[in-house]
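Derivation of every value follows stated rules applied to the coordinates shown; laboratory data play no part. Everything quoted here is computed from the prediction, not taken from an experiment.
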Amino acid sequence: MACAEAAEMGLQLGFPRVEIEGESLAVIRKLKAEGIERSVIRVYISNIKTTCEQYKKCVFLHVPKHANGAAHSLATKGLKREDTYLFRGVPFYAQKAVEMD
């Protein structure tokens, strides 16, 4: 689940706050909900919530699929390359995706 990896990575990089976006409204609602989670993905939801408790601030936002081109581009092309890091700037293909969004 991408949210879990994003939350863990932010902690490893020392970020005090994180904003996690996802295109699944159902998952974002579950992450924002209080109380006991009973769905089949409850382990993932619990893991993400536990990780997010380590931040000063953790926000979950729903982003519709049609507006998520930049994230999709980074994920699909970034997975194909092991040397992709965002510390030195955003790759050209991601900049183009943001412009198109």
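Summary of computed values
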item	result
Cut-off under 5 Å, modelled amide H: who pairs with E23 long-range	V63
Karplus-derived HN-Hα couplings along the range 43-55 (A = 6.51, B = -1.76, C = 1.60, θ = phi - 60°), whole Hz, x at Gly and Pro	5, 5, 4, 4, 4, 5, 4, 5, 4, 5, 5, 7, 8
Amide proton proximity set for V18, modelled H, under 5 Å, gap of 5+	K57, C58, V59
